[in-house]
Amino acid sequence: MRAMVLDDFGGPEVLHMAEIERPAASPGNVIVQVAYAAVNPADWKAREGWLSRYFQYTFPFVVGFDSAGVIAEVGEGVEGLAVGDRVVTPGNQGLGERGSYAEFVRADAERVVKLPDHVSLSDAATLPTAGMTAWEATFDVGQAAPGKTVVVNGGAGGTGSFAIQLAKMAGASVATTCSAHNFDYVTRLGADHPIDYRQGNVYDSIREWAPNGVDLVVDTVGQGTFVDVVDVMKRGGIVAPIGTLIPDEPAIDPARAAAAGVSVIPTISQFPNQPRQLRALVDALAAGKISVPDQTVMPLAEAAEAHRLVQAGHVRGKILLVVDESLGQ
Ligand SMILES: NC(=O)c1ccc[n+]([C@@H]2O[C@H](COP(=O)([O-])OP(=O)(O)OC[C@H]3O[C@@H](n4cnc5c(N)ncnc54)[C@H](OP(=O)(O)O)[C@@H]3O)[C@@H](O)[C@H]2O)c1
């Protein structure tokens, strides 16, 4: 099969197209023929070897968590999935297997969700990593609920685009940081109060918007950008900083959070929660309760350029790589 592979860790230039062996199904998993693969910041971190703490890489390695496509093979013992089903999955790259920048990817069946006919493969591909992590932060950790105030740091990114919408779906009011040129975008996603983090004092703007304090902060940016946020929160509030893997990142001072009565709960996507979250995201999209982030669509062969864009940190919504358009929308 065709795949964008790397033979060693390095910059975007190490990604190159190659013919490699197609994966085969084994008990409990399926092979998905990939139509679209979504690009996440974790992909460039995987390309640079940052995921070595989670699994041992085997070269040639294929990065990429998310994909949507059609089931090509079903392993022994798998129930409820059949060859030809249109599906979405975060795949098995998080387990150290080859990822989704390829014509075929292996995925444990429990993390493969069938798509209703009216949900397109390109829309579905945006859901797994960004959507499940936003779900984890907003609901599992953050307990968003009607009447609560939620601040999303980084609302124009993949994870932020979902966090805004999920918090609104929960009935919360939402403020979000982004560049001024993304105000229309985050407002379209439902944000009530966009804040330009490049101008003025972000915390003053939050204080004005939520004079009684904020209930939940979903921080998708990290890198020390929100370490003073406890000052604008209610006692009993929750901060969900999403794990960036960036070394030596300045973090909220635990003593200061404790004094403010705020819980800081480091948040990453959790394997056991992924099946429930992905099903819920597909259902919400199918029912029109959420929409998908803006998409920039590029050919698989341009994966290196996609990595340069994502690594620069200002993509709006998601980048999708087209692997096989003939599988349909
Ligand atoms: N461990 C996990 O389970 C997990 C899962 C998902 C994501 N993550 C991590 O979470 C982070 C975000 O992921 P993502 O997919 O959402 O990234 P992304 O889509 O690449 O985020 C890009 C967005 O970040 C915004 N941004 C950049 N600097 C900002 C700042 N200082 N303040 C506010 N917004 C800013 C940009 O908006 P503007 O252009 O308007 O500046 C841009 O739209 C990454 O580090 C990723 O690795 C971890």
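The values are calculated or read from the model by the stated rules, or taken from the named source; none is laboratory data. Since we're looking at a predicted model, the values are computed, not measured. Glycine gets a Cβ as well: all are built from the backbone with ideal geometry, and neighbour counts include every protein chain shown.
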From the option list 202, 186, single residue qualifying as surrounded by 14 or more Cβ atoms within 10 Å (Cβ to Cβ), more than 24 Å from residue 295 (Cβ to Cβ) and in the same structural domain as residue 144 (by TED's automatic domain parsing) is 202
Residue among 126, 149 that is β-branched (Val, Ile, Thr) and closer than 24 Å to residue 321 by Cα: 126
Within region 205-234, tally of residues that are surrounded by 24 or more Cβ atoms within 10 Å (Cβ to Cβ) and within 13 Å of the ligand (Cβ to nearest atom): 6
Here is a check on your reading of the model: is residue 297 within 29 Å of residue 187 (Cα to Cα), assigned to a loop (DSSP other than H, G, I, E, B) and touching a helix residue (DSSP H, G or I) at 6+ places or on another chain (Cβ under 9 Å)? no
Pull up region 299-315, narrow it to residues that are crowded, with 16+ Cβ neighbours inside 10 Å and farther than 22 Å from residue 245 by Cβ, then point me to the one that is farthest from the ligand (Cβ to nearest atom). 300
Restricting attention to region 138-166, and to residues there that are in contact with a Phe, Trp or Tyr (Cβ under 9 Å, 6 or more places away or on another chain) and either more than 21 Å from residue 126 (Cβ to Cβ) or in a helix (DSSP H, G or I) (or both), which single residue is farthest from the ligand (Cβ to nearest atom)? 149
Within region 235-264, residues surrounded by 14 or more Cβ atoms within 10 Å (Cβ to Cβ) and under 25 Å from residue 189 (Cα atoms) come out as 237, 238, 239, 240, 241, 242, 244
Looking for whichever is hydroxyl-bearing (Ser, Thr, Tyr) and either surrounded by 21 or more Cβ atoms within 10 Å (Cβ to Cβ) or assigned to a helix (DSSP H, G or I) (or both) here; the options are 52, 26. Which one fits? 52
How many residues are surrounded by 19 or more Cβ atoms within 10 Å (Cβ to Cβ) and either at pLDDT below 95 or in a loop (DSSP other than H, G, I, E, B) (or both) if we restrict to region 104-122? 3
